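To start, the structure itself, in structure tokens.
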Amino acid sequence: MNMRNIKTSWIVIGVIFLLGIFAVSKYNSLVAKEEKVEQAWSQVENVYQRRLDLIPNLVNTVKGYAAHEKETLEGVIEARSKATSVTIDPTNLDENALQQFEAAQQGLTKALSKLMVVVERYPELKANQNFLELQSQLEGTENRIAVERKRFNEAVQEYNTYLRKFPNNLIASMFGFEKKAYFKAQEEAQTAPKVEF
């Protein structure tokens, strides 16, 4: 083997080595960004779970004052049950799964709104310290839901942008990384429901 062939072989090996390091770097960045999306999703689930955990106490408190509002209370319990039955695997955050999750959560939000309308008829309930505390916690949780959804969408945006850029898209397609779905506002969200406590 002459000196020229040896030199060419080393250059080819060097280029392959550099391309390998480049591919590993891009792959690791995709993994890190995907993990960030999954961590953000976990926080979304946590705040929704907090809301679900508050509802039985809220229903029981209202039940003590408004026992004959059985239909409304059962509606809240049923909506809570539906919301707990829809779960998402964080590795499969596609549009369809998020829509099903959001639809179940929207059903619960509507049921809670109806419950709060019922509460207006019971001034002694509105003055109950336990109810006021639950109401405050529920309001805080709704705010946290909005914050965590925003953070989730930011993580998804960062991941999706990185995924679509060249040459990251080549590495992503080689290793099966796919675009993640965003939380989107429901059509009825254009006009916010009036919920008064």
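Matching residues to (1) of a type in the set (Phe, Trp, Tyr); (2) modelled with pLDDT of 85 or more; (3) under 22 Å from residue 45 (Cα atoms); (4) buried (at least 17 other Cβ atoms within 10 Å of the Cβ):
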position: 84; (1), (2), (3), (4): no, yes, yes, no
position: 91; (1), (2), (3), (4): no, no, yes, no
position: 103; (1), (2), (3), (4): no, yes, yes, no
position: 107; (1), (2), (3), (4): no, yes, yes, yes
position: 112; (1), (2), (3), (4): no, yes, yes, yes
position: 115; (1), (2), (3), (4): no, yes, no, yes
position: 125; (1), (2), (3), (4): no, no, no, yes
position: 138; (1), (2), (3), (4): no, yes, yes, yes
position: 146; (1), (2), (3), (4): no, yes, yes, no
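Checked against (1) farther than 20 Å from residue 92 by Cα; (2) modelled with pLDDT of 90 or more; (3) of a type outside the set (D, E, K, R); (4) assigned to a helix (DSSP H, G or I), residue 171 passes all but condition (1). Could you tell me whether any residue of region 166-180 is closer than 30 Å to residue 65 by Cβ and surrounded by fewer than 16 Cβ atoms within 10 Å (Cβ to Cβ)? Within region 166-180 (the criterion being closer than 30 Å to residue 65 by Cβ and surrounded by fewer than 16 Cβ atoms within 10 Å (Cβ to Cβ)), the answer is no, since none of the residues qualifies. Against the conditions (1) of a type outside the set (Gly, Ala, Ser); (2) crowded, with 16+ Cβ neighbours inside 10 Å; (3) assigned to a helix (DSSP H, G or I), residue 130 satisfies every one except (2). Among the residues of region 133-168, those that are among the basic types (Lys, Arg) and in a helix (DSSP H, G or I) comprise 144, 149, 150, 151, 164. Scanning region 53-64 for residues that are of a type outside the set (Asp, Glu) and either under 26 Å from the mean Cα position of the chain (by Cα) or surrounded by fewer than 18 Cβ atoms within 10 Å (Cβ to Cβ) (or both) yields 54, 55, 56, 57, 58, 59, 60, 63, 64.
Scanning region 43-62 for residues that are in contact with a Leu (Cβ under 7 Å, 6 or more places away or on another chain) and more than 15 Å from residue 140 (Cβ to Cβ) gives 59, 61, 62. Residues in region 174-197 that are polar (S, T, N, Q) and part of a loop (DSSP other than H, G, I, E, B) were compared, and the one that is modelled with the lowest pLDDT is 191. Of everything listed in (1) closer than 21 Å to residue 49 by Cβ; (2) surrounded by fewer than 17 Cβ atoms within 10 Å (Cβ to Cβ); (3) of a type in the set (D, E, K, R), the single unmet condition for residue 71 is (1).
Conditions (1) at pLDDT below 90; (2) acidic (Asp, Glu), marked per residue:
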position: 5; (1), (2): yes, no
position: 8; (1), (2): yes, no
position: 25; (1), (2): no, no
position: 33; (1), (2): no, no
position: 44; (1), (2): no, no
position: 47; (1), (2): no, no
position: 53; (1), (2): no, yes
position: 57; (1), (2): yes, no
position: 61; (1), (2): yes, no
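Taking residues in region 61-79 that are closer than 17 Å to residue 130 by Cβ, and partners anywhere that are of a type in the set (Phe, Trp, Tyr), the pairs with Cβ atoms closer than 6 Å and at least 6 places apart or on different chains are 61/131; 65/122; 66/122.
The values are calculated or read from the model by the stated rules, or taken from the named source; none is laboratory data. Predicted model, so just to flag it, every value in this text is computed and none were measured. Reconstructed Cβ throughout: ideal geometry from the backbone, glycine too, with neighbour counts over all protein chains shown.
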